[in-house]
Amino acid sequence: RKEVEQDPGPFNVPEGATVAFNCTYSNSASQSFFWYRQDCRKEPKLLMSVYSSGNEDGRFTAQLNRASQYISLLIRDSKLSDSATYLCVVNMGSGNTGKLIFGQGTTLQVKP
Amino acid sequence: IAGITQAPTSQILAAGRRMTLRCTQDMRHNAMYWYRQDLGLGLRLIHYSNTAGTTGKGEVPDGYSVSRANTDDFPLTLASAVPSQTSVYFCASSVGSSSYNEQFFGPGTRLTVL
């Protein structure tokens, strides 16, 4: 099993759609969870951290399910500018230790 | 300089040649990292440095070396390049080495080894 696993997609959705991505991770002791966004041929940038209670930032909602070891990202009212690759990131140590492992990414294409 | 810079932007290199990728940050971050990104494999950690004067091996360190003589600079050296080192290389930094800290990435270096 990969340490961090994502469906690579691509997800093709119309503008205004709601889309959800899931990510599973292998280390039950992980404590740090993030979603990064990467535009084509650009560097990754932090989209949001993922907290145990779940968190929302505008149209984006992140959820963490520790029992099943998965993280989700929900994007509501998709915009053309949301087209990008979304990277699920998890630490591989216990607590806040260990290096971050990046999933291979899920590609989103929002169509007019 | 604002954030992290990397040089060169891209490079074509003959196999067997030595190459140093440069990375400089002006945020006074303690921790720095080198990743490579390959299609279908995502970002993989090559080497890291938790603070100036210390370095550590990541997931794929073979064929690469790093140094951290000061806070700002973290060069990555390929002693004798091989075609399997063709990749996009990203340098990153964070305030500290805790995995809670956001990592900020440079724009990347596209390296082709022929």
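The values are calculated or read from the model by the stated rules, or taken from the named source; none is laboratory data. Treat the numbers as computed from the prediction; the structure is a model and nothing was measured. Here the Cβ is made from the backbone with ideal geometry for all residues, glycine too, and neighbour counts use every protein chain on show. Ligands, DNA and RNA are stripped out before the accessible areas are found, and what is left, the full protein with its side chains, is counted by its heavy atoms. Shrake-Rupley method; radii C 1.70, N 1.55, O 1.52, S 1.80 Å.
A few remarks follow.
- Stokes-Einstein diffusion for chain A, with the hydrodynamic radius set to the Kirkwood value over Cα pairs and evaluated at 4 °C in a medium of 1.567 mPa s, equals 92 µm²/s.
- Proximal lysines to A:K79, defined as alpha-carbon separation beneath 25 angstrom and excluding residues fewer than eight positions away on the same chain: A:K42, A:K45, A:K111
- By the Cβ-Cβ criterion of under 4.7 Å, the unpaired cysteines of the protein assembly as shown are A:C40.
- When A and B come together, around 1700 square angstrom of accessible surface is lost from both chains combined, probe 1.4 Å.
- Pairs of alpha carbons in the stretch B:17-65 whose separation is greater than 17 Å (percent): 41
- Projected-area average for chain B over all orientations - Cα convex hull basis, square nanometres: 6.5
- For the protein assembly as shown, the share of alpha carbon pairs falling in successive 5 Å distance bins from zero is 1, 7, 14, 18, 18, 16, 12, 8, 4, 1, 0 percent.
- For chain B, the relative contact order is 35 percent, taking Cα pairs closer than 8 Å that sit 6 or more residues apart in sequence and dividing their mean separation by the residue count.
- Local electrostatic count at B:Y48 - Lys and Arg +1, Asp and Glu -1, tallied over other residues with Cβ under 14 Å: +4
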